[in-house]
1. Is it true that some residue in the stretch 48-68 is among the small types (G, A, S), surrounded by 12 or more Cβ atoms within 10 Å (Cβ to Cβ) and touching a His at 6+ places or on another chain (Cβ under 7 Å)?
2. Scan the stretch 1-42 for residues that are among the basic types (K, R) and surrounded by fewer than 16 Cβ atoms within 10 Å (Cβ to Cβ) and jot them down.
3. Identify the single condition in (1) in contact with a strand residue (DSSP E or B) (Cβ under 7 Å, 6 or more places away or on another chain); (2) at pLDDT 85 or above that A52 does not satisfy, given that it satisfies every other one.
Amino acid sequence: MAVLLVAASAVVAGARSYAAIGQWSANAPQHALARLGARVVGVLGMRVAPSAATIRRIVSLVCPGGLADLTGAHPAGSGSIAVDGKAARGSRHGTCLQVIFWPR
């Protein structure tokens, strides 16, 4: 749960990629990590932020759409083009070209 809370907090703070979420997590202050439930390590009770790899793994397991579901936008920051075999059939000869474009 703490990993998802850290990722959601980073997105609310403006992170739009896994790298940015990992950076936010690494730079988060101890009091923020404590409120988000990050694990405690060592005798001093220091909170350890989840790594970017852990965040990526957990978000992709919980949210089928991954970061796009979490941020509400395409992670690359641009539109996507999807072409399946049925839509591309006949496009080589110029008789049919169906490309679906999802704007950002």
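1. There is at least one residue in the stretch 48-68 that is among the small types (G, A, S), surrounded by 12 or more Cβ atoms within 10 Å (Cβ to Cβ) and touching a His at 6+ places or on another chain (Cβ under 7 Å).
2. Residues satisfying the conditions are R35, R39.
3. (1)
The values are calculated or read from the model by the stated rules, or taken from the named source; none is laboratory data. Here the structure is a predicted model, which means the values were calculated and not measured. Cβ: placed from backbone, ideal geometry, glycine included. Neighbour counts: every protein chain shown.
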